[in-house]
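For reference, the structure is listed below as structure tokens.
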Amino acid sequence: MTSPYFSLFLTGEPFRLFSPSHLITLIMVLCLVVLTYLFRKKLQAPANRFATRYVLAGILLLSEVCYQLWHVYTESWTAAYTLPLQLCSVTLLLSAIMLMTRSYGLYEITFFAGIGGAMQALLTPELFYPFPHFRFVHFFVAHAGIVLACLYMTWVEGYRPTVRSIWKTMGFLNLLLFIALFVNNATGGNYLFVSRKPDNPSLIDFLGPYPWYIVSLEVVALALFFLLYMPFIRGQQQTKKVGRDFSV
């Protein structure tokens, strides 16, 4: 008999947006973010950097492996829904590689697409299983891990995004969009939600009918990316000014 914590079928109430378990989980994620910032200097020690990067990468990869195994275990694996082609699945894998390789090129993409996508997912999850089901735990561990990976590279490794990074990310997302459309056509899936809106309430509900909400999503993504970039503007302006001063 399948454990209720791993069962494919719900026997009780489904996940509710902003339920006590959802709010407590969001507070826990926020605490982890704050702790990463407060202990950023301690984490900069060489041994701590290595351990933190690989532990975070291991958690991200393990979460994806466990997710795929759960679908196999519950006999629900299907190319239409479980390929790692949702935005957060893609940025999760890229974040793990970024942590292990310290790739700045991947950081440029994961900072905007990862944080932007994971934040939206944490606030309005496309989730049906409540706490303490495996899928609830997996969902929040995976998405929180993406955010923490990007913030770690920013606060501990000292990486910084640029305006050019925003346009690289937009180009990457549009390439991914065409791949998702092709896969959706072939499998009947809805990767990246570009074939129809998600079933659960989400921010997409406010962006118009299909297919026009895809254009709205592009505008919202661009605005969100510039918003995420704003904390770095002053520092980069000061860097340019110092460079000009030294060149005089």
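Residue 205 fails exactly one of the following numbered conditions: (1) part of a helix (DSSP H, G or I); (2) crowded, with 18+ Cβ neighbours inside 10 Å; (3) among the acidic types (Asp, Glu). What is the number of that condition?
(2)
Which pairs do you get when a residue that is within 14 Å of residue 153 (Cβ to Cβ), found in segment 26-50, comes within reach of a residue that is among the hydroxyl-bearing types (Ser, Thr, Tyr) and assigned to a helix (DSSP H, G or I), reach meaning Cβ atoms under 8 angstrom, with the pair 6+ apart or on two chains?
Correct list of pairs: 36/152; 43/36; 43/52; 43/152.
Determine whether segment 147-167 contains at least one residue that is in contact with a Phe, Trp or Tyr (Cβ under 7 Å, 6 or more places away or on another chain), under 25 Å from residue 73 (Cβ atoms) and not small (Gly, Ala, Ser).
There is no residue in segment 147-167 that is in contact with a Phe, Trp or Tyr (Cβ under 7 Å, 6 or more places away or on another chain), under 25 Å from residue 73 (Cβ atoms) and not small (Gly, Ala, Ser).
Tell me which residues, restricted to segment 129-155, are aromatic (Phe, Trp, Tyr) and outside any helix (DSSP H, G or I).
Correct list: 129, 131.
Is there a residue in segment 62-76 that is modelled with pLDDT under 95 and either among the aliphatic types (A, V, I, L, M) or within 17 Å of residue 118 (Cβ to Cβ) (or both)?
no
Quick check on segment 192-248: of everything there that is basic (Lys, Arg) and modelled with pLDDT of 80 or more, which residue is farthest from residue 15 (Cα to Cα)?
The residue in question is 196.
Could you tell me whether residue 160 is basic (Lys, Arg) and either at positive phi or within 13 Å of the chain's Cα centre (by Cα) (or both)?
No.
What do you reckon, is residue 3 in contact (Cβ under 8 Å) with a residue 40 or more places away in the chain and small (Gly, Ala, Ser)?
no
The values are calculated or read from the model by the stated rules, or taken from the named source; none is laboratory data. No experiment lies behind these values; they were computed from the predicted model shown. We place every Cβ from the backbone using ideal geometry, glycine too, and count neighbours over all the protein chains shown.
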